[in-house]
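Visitor: Supplied in structure tokens, the structure appears directly below.
The values are calculated or read from the model by the stated rules, or taken from the named source; none is laboratory data. Since we're looking at a predicted model, the values are computed, not measured. Here the Cβ positions follow ideal geometry from the backbone for every residue, glycine too, while neighbour counts run over all protein chains shown.
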Amino acid sequence: MKKIEIYDTTLRDGTQAENFNLSVEDKVRITLRLDEFGVDFIEGGWPGANPASSEFFDEIRRYHLKHSRLMAFGSTRMFRNPPGEDANLAALVAAGAAGITIFGKSWDIHVTEALRIALDDNLTIIEDSLAFLRPGVDFLFYDAEHFFDGYKARPDYALETLARAVAGGADCLILCDTNGGTLPHEIRGIIAAVQEFFTARGESPRLGIHAHNDSDTAVANSLIAVDQGAVQVQGTINGYGERCGNANLT
Ligand SMILES: [Zn+2]
């Protein structure tokens with residue numbers, strides 16, 4: 001039987017929920033409880049964006065976790081910074097966690113309108129940000145932000161972002177339904193297309209799912225992804241998260 005990894009992001013994505021604030025002490029207590037539950041990965045925060053996250057990573061080092069691996073979260077480097085001079089990547093390394101998850105853009109319009117860089121340059125920062133982080137961690141995951149919407153808009157480009165994450169050394173590609181607008185029947189077809197894309201390249205990267213609940217189908221979408229072969233499910237306790245929340249791990 002295949003093992004499904006549970007990746008909890010209550011301490012990061014969960015805290016995007018309205019009126020949901022956690023002190024460093026709260027985060028430590030929740031981490032210890034998640035460890036007791038046997039959660040495989042705990043995302044502790046985004047040290048580059050949030051100083052309290054760095055404080056948490058310093059504090060949690062004093063504790064011994066029995067099972068869970070701690071993950072630091074951040075983004076691909078800024079295009080103008082070489083990987084070795086990017087403050088966000090440096091903060092991720094400084095967190096000293098067992099692993100790092102970075103997110104990058106899969107949707108062409110977010111590359112040209114939000115990052116305001118060329119599509120090829122986005123592929124470069126995905127690959128070289130991961131390659132830079134790779135030697136320092138045991139676990140390196142890639143969150144493909146807005147992957148399903150990106151795939152619907154421009155499938156060839158969305159798939160190429162994943163290929164470059166594999167080239168950069170990602171252990172797992174997490175397909176994110178960041179807006180929560182993808183319905184279960186669409187999830188199945190798009191994951192199948194991702195698998196066909198990699199099979200044609202002679203590759204079979206591990207896939208994960210990160211679903212938001214705006215259509216009230218985050219859990220359903222996650223179950224379908226697992227049925228399709230995804231080996232990692234990202235979500236939060238009680239489904240806490242931005243807007244309508246994340247997939248509810250409980
Ligand atoms: Zn999310």
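Visitor: Which residue, of Leu89, Leu34, is more than 16 Å from the ligand (Cβ to nearest atom), in a helix (DSSP H, G or I) and touching a residue at least 60 places away in the same chain (Cβ under 8 Å)? Give the derivation first.
Guide: Working: Leu89 fails: touching a residue at least 60 places away in the same chain (Cβ under 8 Å).
It is Leu34.
Visitor: Which numbered condition trips up Phe132, out of (1) in contact with a Pro (Cβ under 7 Å, 6 or more places away or on another chain); (2) within 16 Å of the ligand (Cβ to nearest atom)?
Guide: All conditions pass for Phe132, except number (2).
Visitor: May I pose another question? Spot the failing condition for Arg134; the list is (1) at pLDDT 95 or above; (2) over 16 Å from the mean Cα position of the chain (by Cα); (3) farther than 25 Å from His212 by Cβ; (4) in a helix (DSSP H, G or I), and only one is missed.
Guide: Failing condition for Arg134: (2).
Visitor: Then there's this: Could you check the stretch 197-220 and list, in sequence order, the residues that are surrounded by 15 or more Cβ atoms within 10 Å (Cβ to Cβ) and closer than 20 Å to Thr161 by Cβ?
Guide: Step one: of the stretch 197-220, the residues surrounded by 15 or more Cβ atoms within 10 Å (Cβ to Cβ) are 197-198, 205-215, 217-220.
Scanning the stretch 197-220 gives Phe197, Phe198, Pro205, Arg206, Leu207, Gly208, Ile209, His210, Ala211, His212.
Visitor: Criterion first (within 16 Å of the ligand (Cβ to nearest atom), closer than 23 Å to Gly180 by Cβ and either out of contact with any helix residue (DSSP H, G or I) (no Cβ under 8 Å at 6 or more places or on another chain) or without any contact (Cβ under 8 Å) to a residue 60 or more places away in the chain (or both)) does Gly14 satisfy it? Step through it out loud before you land on a result.
Guide: Details: within 16 Å of the ligand (Cβ to nearest atom): yes; closer than 23 Å to Gly180 by Cβ: yes; either out of contact with any helix residue (DSSP H, G or I) (no Cβ under 8 Å at 6 or more places or on another chain) or without any contact (Cβ under 8 Å) to a residue 60 or more places away in the chain (or both): no.
Answer is no for this residue.
Visitor: Somewhere in the stretch 96-113, is a residue under 19 Å from Glu145 (Cβ atoms), out of contact with any Phe, Trp or Tyr (no Cβ under 6 Å at 6 or more places or on another chain), surrounded by fewer than 16 Cβ atoms within 10 Å (Cβ to Cβ) and of a type in the set (D, E, K, R)? It would help to see each step written out before you state the result.
Guide: So in the stretch 96-113, the residues under 19 Å from Glu145 (Cβ atoms) come out as 99-113.
The next check asks that each one be out of contact with any Phe, Trp or Tyr (no Cβ under 6 Å at 6 or more places or on another chain); those that pass are 100, 102-105, 107, 109-113.
The next check asks that each one be surrounded by fewer than 16 Cβ atoms within 10 Å (Cβ to Cβ); those that pass are 109, 112-113.
Subset that is of a type in the set (D, E, K, R): 113.
Yes: one or more hits.
Visitor: Another question, then. Could you list all residues from the stretch 218-250 that are within 15 Å of the ligand (Cβ to nearest atom), over 16 Å from Glu5 (Cβ atoms) and hydroxyl-bearing (Ser, Thr, Tyr)?
Guide: Tyr240
Visitor: Can you name the residue in the stretch 1-31 that is among the hydrophobic types (A, V, I, L, M, F, W, C) and not in a helix (DSSP H, G or I) and, of all such residues, is farthest from Thr250 (Cα to Cα)?
Guide: Initial filter on the stretch 1-31 (among the hydrophobic types (A, V, I, L, M, F, W, C)): 1, 4, 6, 11, 17, 20, 22, 24, 28, 30.
Still in the list and also not in a helix (DSSP H, G or I): 1, 4, 6, 11, 17, 20, 22.
Values: Met1: 21, Ile4: 14, Ile6: 11, Leu11: 15, Ala17: 17, Phe20: 18, Leu22: 19 Å.
Here the residue is Met1.
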